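Read-outs: derived from the displayed coordinates by stated rules, not from any lab. Note that this is a predicted model, so its numbers are computed, not measured. Quick reminder, even Gly has a Cβ in these numbers, built from the backbone with ideal geometry, and neighbours come from all protein chains shown.
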Amino acid sequence: MAESALDDWAALAALDWQVELGADEAILDAPVDRYALVPEEKPAPAAAPGAAPVPIRPAEVDAVAVATEAASRAQSLDQLRGALEAFELCDLKQGARQTVFCDGNPAARVMIVGEAPGRDEDRQGKPFVGRAGHLLDRMLGAIDLSREAQDAARAVYISNVVVWRPPQNRDPSAEEIAMMRPFITRHIELAAPDLLVVMGNIACDALLGRRGITRMRGQWDTAVGRPVLPMFHPAYLLRNPEAKREAWADLLSLKAKLEGA
Ligand code: URA
């Protein structure tokens, strides 16, 4: 047998052994903040003596810095929507029909943050209006909450981390999430809900800085200065109806928190 094939089998055996010992994740001893890792600047090539000066390439625009500045200037939800509509550094915007900003009652005690618009949301300009949205409405109705409610105590306000539909509904990239984070953070500050619900891994990543919804769901945490409950995304529940049991437990936890239990 060739040496590389032997290496492959040895590597597979070592991996099996580690899995058997319970190692099911590739992690380091200490967390790494990938957003803080700045790519090393390459020095500009030295011009040959007597040669015409090499034009200096304009520094790359820092989309996260521009987003942070634009979001922080917004003093109202309308201004924030305007800031997003004027933000041209996210490629997703080019392929989307419109900006999907929010739905529901901005005075609500509960704000729900999802992932990104899909086809129906892109067409209608509102978050969670497709199949997953209908399930979300039924889930909320089960604990007497509604996006239609005028009364803040019964109302919900809904938005997404990403406001433009990704092509083929692919997951937003780390870069896209990073440039949308200042906007969703400011969105939450301006809406000022008492409680947040983050649905699925993308929303957990954007607002809690980590993924792992199966372990995170149902565990209250804090984001943007208020309690946050990670829950399974309704699209996941449509694909995995057996997980509705856990979702129901999480809804009861949300209800209890609202009632001050
Ligand atoms: N999934 C989301 O996360 N948000 C929507 O608006 C629709 C589907």
*Using only the Cα atoms of the stretch 63-258, what do you get for the radius of gyration and for Dmax, in Å?*
15.3, 44
*asked:* How big is the stretch 59-120 along each principal axis, measuring the range of its Cα positions in Å and listing the largest first?
replied: 43, 30, 17
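Could you state, as a whole-number percent, how many of the C-alpha pairs of the stretch 157-222 are farther apart than 14 Å?
Result: 58 percent of Cα pairs exceed 14 Å.
Going by average Cβ neighbours within 10 Å, how do the peptides 233-239, 108-114 rank, with the highest at the top?
Taking the mean over residues of other Cβ atoms within 10 Å, the ranking is 108-114, 233-239.
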_Burial order of peptide ranges 169-182, 75-88 (average beta-carbon count within 10 Å, highest first)_ = 169-182, 75-88
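Sort the following peptides by mean Cβ neighbour count (other Cβ atoms within 10 Å, averaged over residues), highest first: 242-255, 151-164.
151-164, 242-255
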